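A.B. asks: What follows is a single structure, and I will ask about it in a moment.
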Amino acid sequence: MTIIKKQIVLILPYLNVNTTSAERFKSFIRAFELNNSLNTNVITFDYGIKKSYFLGLETTPADSFSPKNYQIIKVKLNLIQSLGVRFLNNDFKKLWRIFQLLHLIIYQKDIFYPNFSLNDLNIELKNNDYIFTSGSHFSLFEIAENLSKKFGLKLILDYRDPWTLGYNPIDGLSVIHYLKILISRKKEIKLLNSAFLITTVSESLKSFFPLHYQSKIKIFANGSNFLIEEVEKQTQTKTFQIVYAGTIYREQLQDETFFESLQGFVVNKKTENIKLKFLGVGDNKSLKKLIKKYNLKNITSYTHRLKRDEFLLQMNNTSIFLHLKYGNKKDVISSKQAEYLMFNRPILLPVSDNGDIAESILKNKAGFVCNNQSEVLKALESIWTKFKNQENLYLNRIETYNFNISREKIAKDFVNMVLNPPNS
C-alpha cells in the first residue's frame, strides 16, 4: 500500500548567508527532511542582491547548503526595488534604507515583497498540507497566506523578531516603527487569524500578542549552532580573552560602562596577556571610536563573520563572554546567549537589562550581571585570578542542558509540534 505523504513548504527570505537566522532555517529543514511522513519543499527568492545588508557580513560567504527539493525564484523587481538593490550593491546603504522606506509608504509592503507568479512553483499541493515562513521579512507572511488560502494549507508563522506587535526593532527608528504600525497592524492581525500555528523565540515576545492568540503560540527559542561534543572543556589558554560574538548595534554602545571598566582593569597588567575580541562585527566605526576613546586599541581585534571552524576555535579559547544590553529594551534574547551558554564560559553583562538577558544568566548560573563599574571590575578580577592560577574556567553544567539548547534538539521538537499541534 502506497503511503501518501503530506507536503510542507518553507517560504524563506534567504538560506546561504552567514547568519544565525539562516542556521535556524537550516535546522528546521534538516528536521523536516528526516521525518518520513513529510515531503519537504524549500523556496527562497533571488532579488539580485550582491552585497549583504547585514552588518558584519561584507566579506564572508556562508557554507553552501542545498535542500533536496529547493527552488530559487527570480523576483521581478519594481522600480523602487531595482533602484534600492542597485544602491545596496554599490555600497550606498543609506540610500538603500531610504528606498526601503519609500517602498513601504508607496506599496504598503516591505522592499522584499517578491513579485512572482504562483505558476512558477513546481509543487503539487493539496488540502491540509503545511506552509511555513519566518520573519522579519514580513512580506513573506502575506505570500504564505495567499498560498495557504489558494491550496487549503495550514499556515505556520515563525516570529524571530516582532513586527507591529512588540518593541521597536533593534537600531530601528521610532518613526519608521510607527509608520509600520499604521500601515501593517491590520494586516498582521489578519494573518494571525489565518495562522494554524504561531511560533516565537521567547516568552517575552509571545506576551506582546493579544490574549486570544496565546493558545496557538508556541516557544521555540534561538539555539546554538554547535553541539556539546564540539565544546572544549579545558580553558587554560595563554591569553585572557574577552569575546563578544556577532553583530553589535548602535543601541548597545550607548552605555560605556564596560569600556571604562576595562580601561581601569588593564592598568598595571601586562596587556599582551589580555585580548578583547569582537567576532563578526565587521567595520563598526562607532565601536572603534569607543575603543580609541578608552585607549584599548592595543588589546582589541575585530573580524567579519567567521566560517564555522574558525568561530568554533575562537569560542573554545574564550575566558569570558561579553554581552551588552540593547539600549532600554528588556525583551531581546538573541542567538548569542544560546551560543554563550553552550560553550560554558562565564558571561559578563556589564549593565543589567533588567530583562531576558539578565534572567537567563542568573537562572543558569552562567556568569555576572552587573550594575556599575565597580561590579564589572570585581567580576573581571575574579575571572582574571582564576586565569592566573591556571584554573579551568569551564562552568561544567550538565550536558543534557546543553543538548536542549542545540538547534538540532529545538528543530526536532518543532517538527513534532507541527505534526501534533497543541490544540489537535
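A.B. asks: Only helices at least 27 Å long along their axis, Cα-based, and averaging -1.0 or more on Kyte-Doolittle count here, so list those DSSP H runs from the chain. Don't skip to the end; give the middle numbers.
C.D. replies: Numbers: long enough: 174-194 (28 Å, 0.16).
Those that clear 27 Å and a mean of -1.0 are 174-194.
A.B. asks: What's the Cα-based Rg to Rh of the chain, Rh via Kirkwood? Before the final figure, lay out the partial values.
C.D. replies: Values: Rg = 22.4 Å, Rh = 22.9 Å.
Result for the chain is an Rg/Rh of 0.98.
A.B. asks: Separate question: R0 = 25 Å: FRET efficiency of Leu290 with Lys363, Cβ-based, nearest 0.05? Show your work: numbers first, answer last.
C.D. replies: On the way: r = 30 Å, r/R0 = 1.19.
It comes to 0.25.
A.B. asks: Using 0.36 nm times the number of residues separating Asn404 and Lys233, minus their current alpha carbon distance, what extension gain do you get? Provide the component values of the computation, followed by the final result.
C.D. replies: On the way: separation 171, 0.36 × 171 = 61.56 nm, distance 1.81 nm.
Extra length available between Asn404 and Lys233 comes to 59.7 nm.
A.B. asks: To the nearest 500 deg cm²/dmol, what mean residue ellipticity at 222 nm is calculated for the chain from DSSP H runs of n ≥ 4 alone, each contributing -39,500 (n - 2.57), summed and divided by the residues? Spell out each step's value before the answer.
C.D. replies: Numbers: 14 runs with 160 residues, N = 424.
That calculation yields -11500 deg cm²/dmol at 222 nm.
A.B. asks: List the pairs from Lys238/Lys277; Lys74/Lys412; Lys386/Lys409; Lys218/Lys409; Lys277/Lys336; Lys325/Lys363 whose alpha-carbon separation is above 24 Å, in the order I gave them. Mind showing how you got there, number by number?
C.D. replies: Details: Lys238/Lys277 15 Å; Lys74/Lys412 31 Å; Lys386/Lys409 33 Å; Lys218/Lys409 15 Å; Lys277/Lys336 15 Å; Lys325/Lys363 17 Å.
Over 24 Å Cα-Cα: Lys74/Lys412; Lys386/Lys409.
A.B. asks: If a paramagnetic tag sat 7 Å from the Cα of Tyr394 along the Cα-Cβ line, which residues of the range 220-243 would have the backbone N under 15 Å from that point?
C.D. replies: Once the point is set 7 Å along Cα→Cβ of Tyr394, 227-237 turn out to lie under 15 Å by backbone N, inside the range 220-243.
A.B. asks: Let me ask something else about it. On a C-alpha basis, how far is the centre of the range 309-324 from the centre of the range 139-166 in Å? Whole number, if you could?
C.D. replies: 36
A.B. asks: Sort the range 164-265 into rounded, prolate or oblate with this rule: let a ≥ b ≥ c be the square roots of the eigenvalues of the Cα gyration tensor; rounded if a/c is under 1.5, and if a/c is not under 1.5, prolate when a/b is larger than b/c, oblate otherwise.
C.D. replies: Details: a/c = 3.69, a/b = 1.63, b/c = 2.26.
Oblate, because a/c is 1.5 or more while a/b does not exceed b/c.
A.B. asks: Still on this model: Which translational diffusion coefficient, to the nearest whole µm²/s, is obtained for the range 200-251 from the Stokes-Einstein equation, given a Kirkwood hydrodynamic radius over C-alpha pairs, 20 °C and 1.002 mPa s?
C.D. replies: 140
A.B. asks: Which whole-number value in Å³ per residue fits the convex hull of the alpha carbons of the range 89-156?
C.D. replies: Convex hull of Cα atoms, per residue: 107 Å³.
A.B. asks: I need His323, His304 ordered by Cβ neighbour count within 10 Å, fewest first. Mind dumping the intermediate values first?
C.D. replies: Numbers: His323 26, His304 17.
Lowest to highest Cβ neighbour count: His304, His323.
A.B. asks: Further question: Rounded to whole Å and sorted largest first, what semi-axes of the equivalent ellipsoid does the C-alpha gyration tensor of the range 228-397 yield via the square root of 5 times each eigenvalue?
C.D. replies: On the way: eigenvalues 83, 74, 60 Å².
Whole-Å semi-axes of the equivalent ellipsoid: 20, 19, 17.
A.B. asks: Okay, next question. So for each of 223-234, 240-251 I average, over its residues, the number of other beta carbons within 10 Å; can you give me the resulting order with the highest mean first?
C.D. replies: Going from most to least packed, we get 240-251, 223-234.
Throughout, read-outs are computed from the coordinates displayed, never taken from laboratory work. Model, not experiment: these values are computed from the prediction. Note that we place each Cβ from the backbone using ideal geometry, even for glycine, and neighbour counts take in every protein chain shown.
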